[in-house]
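**Q** Below is a structure I'd like to ask you about.
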Amino acid sequence: FPPKDTDVDAAFRPIVVVNDEFFLQPPPMAARAILNAVIDWCGHTWPNSSKFDEEALGPMFEEFVRQKLFDRGVTVLHGKYSLPWVEGECDAVLETEKELIFFELKSKMLTREGRTGNDLVALADLGQALVRPQAQAMERHAALLKAGSLTLRANSGGGKINLDGREVLKV
């Protein structure tokens, strides 16, 4: 660490080395790469630890995003809901006077095969990363439309969401 720029998956790494000089990729490209590199490094450093798998990282990532929004004065609702016909969980919901914004937060990395240069797998990984959260947000919206409100249960950040004629955005 950092990986050599000749590594197969160097394009998905945050730091590129050229002639013994280090270059950080532009932030939009590097953000995912930095997280991927850190997780990869942690997994190799502590191979017997379950702290760095998707099950553990997802909730930590969601809490991190909610905390960053809260630090900037944004009230974020989140939690599980249960209706007679469906159960679900909202990762983050923001309310304004005119809108409800459902955030579905994902920490899924590209698969190893997707990072090795297999363009088809990389596109499938990215497609899933874009479509799956939208589908989940649409499920939350449908439940809200049918029930008229959702009561979110969480240790902190729970609350009741009412549609009240507001536009619903899904992110």
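The values are calculated or read from the model by the stated rules, or taken from the named source; none is laboratory data. Just so we're clear, the structure is a prediction, and the values are computed from it rather than from any experiment. Cβ: placed from backbone, ideal geometry, glycine included. Neighbour counts: every protein chain shown. Note: areas computed on protein heavy atoms with side chains; ligands, DNA, RNA excluded. Shrake-Rupley method; radii C 1.70, N 1.55, O 1.52, S 1.80 Å.
**Q** Is the stretch 98-111 home to any residue that is in contact (Cβ under 8 Å) with a residue 12 or more places away in the chain and more than 22 Å from the chain's Cα centre (by Cα)?
**A** Within the stretch 98-111 (the criterion being in contact (Cβ under 8 Å) with a residue 12 or more places away in the chain and more than 22 Å from the chain's Cα centre (by Cα)), the answer is yes, since at least one residue qualifies.
**Q** In the set Ala10, Ala33, Ala56, which member is small (Gly, Ala, Ser), open to solvent by less than 50 Å² (accessible area, probe 1.4 Å), at pLDDT below 90 and over 20 Å from the mean Cα position of the chain (by Cα)?
**A** Of the residues listed, the single one that is small (Gly, Ala, Ser), open to solvent by less than 50 Å² (accessible area, probe 1.4 Å), at pLDDT below 90 and over 20 Å from the mean Cα position of the chain (by Cα) is Ala10.
**Q** A further question follows. Check Leu123 against each of (1) open to solvent by less than 80 Å² (accessible area, probe 1.4 Å); (2) farther than 17 Å from Val93 by Cβ; (3) not aromatic (Phe, Trp, Tyr) and name the one condition it does not meet.
**A** Single failed check for Leu123: (1).
**Q** Restrict the check to the stretch 81-92 and report whether at least one residue is surrounded by fewer than 16 Cβ atoms within 10 Å (Cβ to Cβ), within 27 Å of Asp40 (Cα to Cα) and of a type in the set (Ser, Thr, Tyr).
**A** No: zero hits.
**Q** For residues that are more than 15 Å from the chain's Cα centre (by Cα) and within 30 Å of Cys42 (Cα to Cα), scanning just the stretch 59-75, find the one that is most open to solvent (accessible area, probe 1.4 Å).
**A** Arg72
**Q** Ok, one more. Restricting to the stretch 93-120, what's the tally of residues that are loosely packed, with under 13 Cβ neighbours inside 10 Å and modelled with pLDDT of 75 or more?
**A** Result for the stretch 93-120: 5.
**Q** I'd like to verify a number: residues in the stretch 155-171 that are under 21 Å from the mean Cα position of the chain (by Cα), open to solvent by 40 Å² or more (accessible area, probe 1.4 Å) and not charged (D, E, K, R), how many?
**A** Within the stretch 155-171, residues that are under 21 Å from the mean Cα position of the chain (by Cα), open to solvent by 40 Å² or more (accessible area, probe 1.4 Å) and not charged (D, E, K, R) number 4.
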